[in-house]
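Since the structure comes first, as C-alpha cells, the remarks are kept for the end.
Values in this text are rule-based calculations from the coordinates and carry no lab data. None of the values given here were measured: they were computed from a predicted structure. Every residue, glycine as well, gets a Cβ built from its backbone with ideal geometry; the counts of neighbours run over all protein chains shown.
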Number of protein chains: 2
Amino acid sequence: MQFTEEVFSRNLRAVNGSAIRDIFKLLGKPGMISFAGGNPSNAALEPQVIAPIAAEVIEMIGAPVLQYGGTEGFMPLRESAAAFLRTSGVVCEASQILPTQGSTQAIDLLLKALVDPGDTVLCESPTFLGTIQAMRTYGANIVSVPTDEEGMIPEAAEEAIRKHHPKLLYIIPSFQNPTGVTLSLERRKAIAALGAKYGVVIAEDDPYRDLRYSGEALPSIQSFDEEGWVVYLSSFSKLISPGMRVGCAVVKPATLLRKMVIGKQSTDVHSPQLNQAIVDNYLRKGLLPAHIERICGLYREQLAAMLEGFSAFPDGTSHTTPQGGLFVWARLPEGLDAQKLLQKAVEANVAFVPGMHFYPEGGNANTLRLNFSNSEVPQIREGMARLAEVLKRG
Amino acid sequence: MQFTEEVFSRNLRAVNGSAIRDIFKLLGKPGMISFAGGNPSNAALEPQVIAPIAAEVIEMIGAPVLQYGGTEGFMPLRESAAAFLRTSGVVCEASQILPTQGSTQAIDLLLKALVDPGDTVLCESPTFLGTIQAMRTYGANIVSVPTDEEGMIPEAAEEAIRKHHPKLLYIIPSFQNPTGVTLSLERRKAIAALGAKYGVVIAEDDPYRDLRYSGEALPSIQSFDEEGWVVYLSSFSKLISPGMRVGCAVVKPATLLRKMVIGKQSTDVHSPQLNQAIVDNYLRKGLLPAHIERICGLYREQLAAMLEGFSAFPDGTSHTTPQGGLFVWARLPEGLDAQKLLQKAVEANVAFVPGMHFYPEGGNANTLRLNFSNSEVPQIREGMARLAEVLKRG
C-alpha cells in the first residue's frame, strides 16, 4: 500500500507533530534530568488516596457509573466543579460547566465550533505549543500578540482585533506556559472589555491558577466579563492527576455550549463517568485545599532551586521569575541557539524545550522553556549545573 | 451578548444534533420502556468486578497511572487488546493498536486525518446516526450505498467508488446498527478487495462482533486485506462498559497511524491511563470470555422476546431477524410514519428511534430501530404490546 501525503486532509497535511514528539522522547531516557514536558511531580500524585476513591464511587454509584452518560457531563461533577471555580473567583453555575478531557479538549471544541480554515485566531507571543498545534489542525491563521512582563499587551491585542477580525483570542493569564508570566489586574479588565467591544470569544486557559507560590491571587478575566464572551477553561490535571483527563469549560452563551456539546458528541460521546465521579468525590471530600497547599510547598522549593541555578549561566542570560505555575523562561545571549544547545545538553543528560516551538512564526532561537515541577530539588540543582557547564563549553 | 449563527464554523452550523438529543430525552423519562438508545443492560455491567480492579491497578501501578501518558496509548493495553483481537480473527500487532475513547473517537480521528469539506465518504444505507453526525462535522459529502439482507452490496459500493472517488468507506459488518444485518462472507472478501483496488480507506466498525446469539462467527473484512487499507475499529463499550470509554483502532499504515496520533494529541492528549489499565487488567485476568457468554445469554432471550412481539403488529410489517448485536429494524406498512407513531408511543410510555435518522438523505418514514439490550424480557413484552396497541389504534 502506498499512502501518499495527498491522501490526508489539508489541515492534517500541514501538521507533523514533531515538536511534541521530540518532547516526549526527551522525557523517557534513563538518567535524563528533564526540564522538558509539563508533568507534575510523581510526588504530587496520590495513588493511595485515589485508589479507595475509585473503588468507593464504583460501589456507591453501581452500574450507572459504567453505563453511557450524557455529553453535557456527570451532573455531580458539574456542581462540585462550579463550586470550586466560584471559590477561585470564576462566575458560574453548574449548567454552564462542560466537563472535558483536560482543558486541551475544551480548546479543541472551541476551535471546532468557531474556526473555519483561514480564520484568524490570536494568541500570546509566545504561547503553549499544544494549542498552536491544535489551531493548525483547524487550518487557523495564527496571529500572535506581543507580550511583556505583565502578559499580553491590550493595545496590541486591540490593534490585532481591528486588523484581523479574529474568531478567538487565546490567553493563559496565570503563570503562563511557556513564560511563567502573569497577566496584571488592569490588563485582565482591558482584555475582558475587548471581547464584548469587538464580539470576540476569549478562551481564558487557566490550569495553573491555584499553583501560586508567592504574591496575591488575581481575579479571572472572566470575572470582568458581563456579556459572556470569555470562556473560562480549567483543569484538574495539574492539581489532582493529568492521567485522569478531567478538565472543564465554563461556557455562558447557551448557543455556544450547545455547539461544543455537538462537537463532543461526535468526537467521544461523553467523558468517562468514572473519572468524573472520582474528581467529584475528591472535591466533595474537601481534599483539594490541603493538597494544593502541600504541592505548592514542593513546587515553591523546586522553583527557588531552578532560579538559583541561573547564577552560573553566562552573562547576558535573562529569565522570568514566576510567582507560580510549572515553568521558567530563559533568554540566552543573542547569537546562541537553544536547538543546538539542546543536542549538547541531551548528551550531558539534561533536557528542555527550545523556545522557538512556542512561537507560531518561529524565530527566537535563543529562548528556552524550563520545567521545574517534574524534578526534585537535588536533580534541579544538578540539571542547572549541567546546563551551565554545556553553555560555558559553548 | 448576541451569538449569531454566523459566529460558528461552516461545518458546525450545518449540524444541530437534535436527533441524538431526542434519543437521550427518550431514555430518561420515568416509567418509559425505552427501545431507543444503544445502552447495554445495567445487568450486563459489573461494578462489583470493576471496583476492586480499579483499586488494584492504581495501587499496583502507583503514580504513573495518574501521570501523563503517551498519545499512542498504555502499552499493556495495546498488547492485551491486540491479543484479544487476534482471537477474533483480526490480524494485528500491539504497535498497530491506537486506544481511543470508544470507537467513536477512532471514526473522528479517521475523518480528521482524511476528509476535507466536500470530500465524499461512503456508508451503508441506513447507517449509525452518530457516524452521520460526525461526518457532517467535517463537511463530508455523505453518499450511502444500498444494502440488502446480506449487508452492503459490493457492486453498488464499487459503482459509488468509481463515481465519487471517496476518501473513506464506513461499514458496520456485524449485526449492523441500525438494521442488525450481518455482512456475508463473500461480501467481506469483496469489500476488502475494493479498498486495495481503488485506494480507499475502509473503516470496519465492529463493536458488536462478539455479541452473537446464533450462527457462526465470520472473519473480519480486515482479515482479507493484505495491503492495510482496512482500519479495524473495536470497542469495549458493549462488552465491558460504555461509560469507561475504551475502544481501539487497528491501523496498519504507519503514516496514517501517525496522523491519527497527531489528531488525538490535539484533541485530548491521550486516553485516561486509569481506564486503559482497568480494561487491560480485566482482559489479562481472562474475565472476558465468560462475561461475553453470560451477556449473550441475557441478550439472546431479550432478542427472542422482541421478535415474538412483532406477531401483534399490523399485517405488512417486516423486520430483520439478527443473529446478534443490540438492534432489530422494522419496516411498517407503506404510508405509516414512524415519527408520528413515536409521539403516540411516548404517550403510551414506550420509545424507539424513527428510522429516517439513519439515512443521510432522510426519507424511509415507515422504518424504526428497536433496541432490546437495555430492557428486561418482561419490559420488552410489555413495550412491544404497547407499540402494537398504538399501531392498531392508528
Once amide hydrogens are built 1.01 Å from N within the peptide plane, the residues lying 5 or more places from residue A:202 or on another chain with amide H under 5 Å from its amide H are A:169, A:230, A:231
Beyond 41 Å, the calculated P(r) of chain B holds a percent of Cα-Cα pairs equal to 12 percent
If one builds a Gaussian network model of chain A from Cα atoms under 10 Å apart, the most fluctuating residue listed among A:49, A:121, A:328 is A:49
Dividing the mean separation of Cα pairs under 8 Å (6+ apart) by the residue count of segment A:122-249 yields a relative contact order in percent of 20 percent
With R₀ set to 35 angstrom, the calculated FRET efficiency between the beta-carbons of residue B:226 and residue B:300, to the nearest 0.05, is 0.50
If each part is reduced to its alpha-carbon centroid, segment B:83-98 and segment A:134-200 end up apart, in Å, by 46 Å
For segment A:56-68, in residue order, the Karplus 3J(HN,Hα) values (coefficients 6.51, -1.76, 1.60; θ = phi - 60°; whole Hz; Gly and Pro = x) are 4, 5, 5, 5, 6, 7, x, 3, x, 6, 9, 8, 4
With the 8 Å Cα cutoff and a minimum separation of six or more residues, segment A:68-284 has a relative contact order in percent of 29 percent
Inter-copy distances for residue B:89, label 7 Å out on the Cα-Cβ vector, sorted ascending, nm, one decimal, are 6.3
Rounded to a whole number, the mean other protein chain Cβ count within 10 angstrom for residues of B:10-17 is 5
In whole Hz, the Karplus estimates of ³J(HN,Hα) for segment B:140-154 (6.51, -1.76, 1.60; θ = phi - 60°; x where Gly or Pro) are 6, 8, 8, 10, 9, 9, x, 10, 9, 6, 10, x, 4, 8, x
The equivalent-ellipsoid semi-axes of segment B:228-267, taken as the square roots of five times the Cα gyration tensor eigenvalues and listed largest first in whole Å, are 22, 14, 5
In nm², the average projected area of the convex hull spanned by the Cα atoms of segment A:68-284 is 10.8 nm²
Rounded to a whole number, the Stokes-Einstein D of segment B:125-244 in µm²/s (Kirkwood radius over Cα pairs; 4 °C; 1.567 mPa s) is 88 µm²/s
So for segment B:273-394, using the alpha carbon gyration tensor with a ≥ b ≥ c as root eigenvalues (a/c under 1.5 gives rounded; past that, a/b versus b/c decides prolate or oblate), I'd call it prolate
In this structure, the FRET efficiency calculated for residue A:376 and residue A:60 from their beta-carbon separation, with R0 = 41 Å, to the nearest 0.05, is 0.65
Quotient of Cα radius of gyration and Kirkwood radius for segment A:63-114, i.e. Rg/Rh, equals 1.01
With label points set 7 Å from each Cα along the Cα-to-Cβ direction at residue B:156 and residue A:189, the distance between them in nm comes to 6.6 nm
Once phi for every residue in segment B:162-178 is put through the Karplus expression 6.51 cos²θ - 1.76 cosθ + 1.60 (θ = phi - 60°), the whole-Hz ³J(HN,Hα) values, with Gly and Pro written as x, are 5, 7, 10, 6, x, 7, 8, 10, 9, 8, 10, x, 10, 6, 4, 9, x
With no solvent term and unit scatterers on the alpha-carbon positions of the protein assembly as shown, Debye gives log₁₀ I(q)/I(0) at q = 0.08 Å⁻¹ of -0.66
Over 23 Å (Cα to Cα) among B:189/B:259; A:29/A:344; A:264/B:285; B:167/B:259 -> B:189/B:259; A:264/B:285
Shielding of A:131-139 by other chains, given as the mean Cβ count within 10 Å, works out to 3
Taking only C-alpha positions in segment B:211-336, Rg and Dmax in angstrom work out to 19.4, 54
Per 5 angstrom bin, beginning at 0 and ending with the bin that holds the maximum distance, the Cα pairs of segment B:321-364 fall in percents of 5, 19, 23, 26, 18, 8, 0
Taking Cα pairs closer than 8 Å and at least 6 residues apart, the relative contact order of chain B in percent is 24 percent
Eigenvalues of the alpha-carbon gyration tensor of segment A:1-120, times 5 and square-rooted, give semi-axes in Å, largest first, of 33, 25, 18
Connecting every pair of Cα atoms under 10 Å apart in chain B and solving the GNM, the largest mean-square fluctuation among B:140, B:43, B:81 falls on B:43
Per the rule of 0.36 nm per residue minus the C-alpha distance, extending residue A:290 to residue A:95 adds in nm 67.5 nm
Note to self: C-alpha centroids of segment B:9-37 and segment B:256-284 sit apart, in Å, by 27 Å
